[in-house]
Structure formats: C-alpha cells, structure tokens
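The values are calculated or read from the model by the stated rules, or taken from the named source; none is laboratory data. What you are looking at is a predicted structure, and each value in this text was computed from that prediction instead of being measured. So basically every Cβ, Gly included, is an ideal-geometry build from the backbone, and we count neighbours across all protein chains shown.
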Amino acid sequence: MIEGKRVLAVITARGGSKGLPGKNLSDAGGKPLIAWSIEAAQGSRFIDRTVLSSDDAGIMATATLWGCEAPFVRPPELATDEAPIEGALLHALDEIGEVFDYVVLLQPTSPLRQAADIDGAIETCHASGAPACISVSAPAKSPYWMFTLDDEGRMRRLIETAGPTHRRQDLPEVVAANGAVYVMAVPDFRQSGQIYSAEAVAHVMAPERSLDVDSAMDLALVDALLKKGE
C-alpha cells in the first residue's frame, strides 16, 4: 500500500514459449527463473498481494511453492503468442474481485530486477499522477547509429539527423523499455485497456539489472550473473 492506495502485482508466465521452451521454469542461479520475480515482489514495501497469471499447471505449482498465489487459470485465448498482455491483466483484476488502485506487471524474464526497482516505479507513478509508469534503461546501441536496408542492401539512417553522429556524447539521450516493471493506475487502465500512453512516465533502471531473458544465451548470461552475485 502506498499512501492508502492498494497495489496488486501480477506475475505473467505462459507455458508455451517458442523461443526458449520452458524458460519460466529454467534454472537461473540455482532457482527457477520465475522465483526471482516472486522474491522481488515479496520484498516490495508497497505491494499488498501478488498473484500468478498462467495457463500452465507446472508453472502454477512451482509459483505456489515459492510463495506466490495462483488463484485462477488464464484462459487459453489469453495465453497465445498473439494475445496482448493487457488482456491477461484485465482478466486477473476481474478474477481477484478485490479493489486495487494500482496493478503492477512483473514478467519472469527480468530476474535481475530488484524490489527497489519495483518500489521506485510505484512511487514514480503515484507521485506523478500518471496513468502508468514503465521501467526503462539506456540501450546498448543508440538508434541514431542504426540503419534500415533497402532491397539492394543500401543503408538508410533509421533516424535522420542534421549533422554527423559519430560521438556518443553528441547524441540525444534515449531509453528503451526493458520489460522489468509496468505500473498502471487501475481506473485509467480499465478505461483505456492499454499500458502505453502519451501520459506514461518512465522509471530509469540500471542496465545491469535490465537484462530480459529471451534466448538460451540470455539465460546463460543471467545464470552466470546471478551465481556471481551469491
């Protein structure tokens, strides 16, 4: 709870990952990948309740063992590759049936995220009065150094600039959503059905806590970092 406002955390974990099958239960630093998000939520000063949204019995059983509620099963139509995550969040809010002022989306693929990152995003959303706060970090490569390719392999700048863009310090500061924390004011979220909006604010996280596990290489790197931090 933050200044009398109740906070629900929803950990979303489908069973049908195609890029890295079974990734949410993969070993990472000696624990199932999903356990790191559960523990981060448990360490939050503001989260009142944490629930799992999943269609997979194995994930639900594992989450329960690590202290996360799994009070419902996500419908199959909300657990496909094409299904937007907003649908799963709205379903969770409806299934819980309690009144919450904020809903926090935590994806298991961000195991390096800490409780302090969650609380910082909640504080930013609440203090700003914004409909949402999204965690971001500085990208490894600036989009001002990126190009598209035409059919003949010619390079075209992704972002046109007035002059040369050779030095990083000459480039505008940019950030990218890192997938670690999404905080939404429930009334606004129910009305729009969208996480992103022009009024959303950012919570900047350190790049070293922003790695998103999407491949076997990502998982190996996260595993090494978590074991190094023991």
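Is there a residue in the range 50-63 that is touching a Cys at 6+ places or on another chain (Cβ under 8 Å), in contact (Cβ under 8 Å) with a residue 60 or more places away in the chain and crowded, with 16+ Cβ neighbours inside 10 Å? No: zero hits. Could you go through the range 69-86 and let me know if any residue there is outside any loop (DSSP other than H, G, I, E, B) and without any contact (Cβ under 8 Å) to a residue 12 or more places away in the chain. Within the range 69-86 (the criterion being outside any loop (DSSP other than H, G, I, E, B) and without any contact (Cβ under 8 Å) to a residue 12 or more places away in the chain), the answer is yes, since at least one residue qualifies.
When the range 196-230 is filtered for residues that are acidic (Asp, Glu) and either assigned to a helix (DSSP H, G or I) or farther than 21 Å from ALA40 by Cβ (or both), the ones remaining, listed by number, are GLU199, GLU208, ASP218, ASP223.
If we scan the range 196-207, do we find a residue that is modelled with pLDDT of 90 or more, among the charged types (D, E, K, R) and in contact with a helix residue (DSSP H, G or I) (Cβ under 7 Å, 6 or more places away or on another chain)? No.
If you go through the range 19-43 and pick out every residue that is within 14 Å of LEU8 (Cα to Cα), touching a helix residue (DSSP H, G or I) at 6+ places or on another chain (Cβ under 6 Å) and buried (at least 23 other Cβ atoms within 10 Å of the Cβ), you end up with 1. Among the residues of the range 167-195, those identified as at pLDDT below 90, assigned to a loop (DSSP other than H, G, I, E, B) and in contact with a helix residue (DSSP H, G or I) (Cβ under 9 Å, 6 or more places away or on another chain) are LEU171, PRO172, VAL174.
Residue by residue through the range 78-109, note down the ones that are polar (S, T, N, Q), crowded, with 17+ Cβ neighbours inside 10 Å and over 17 Å from ALA132 (Cβ atoms). Walk me through how you get there before you give the answer.
Just the residues of the range 78-109 that are polar (S, T, N, Q), to begin with: 80, 107, 109.
Now drop any that are not crowded, with 17+ Cβ neighbours inside 10 Å, which leaves 107, 109.
Within the range 78-109, just THR109 meets the criteria.
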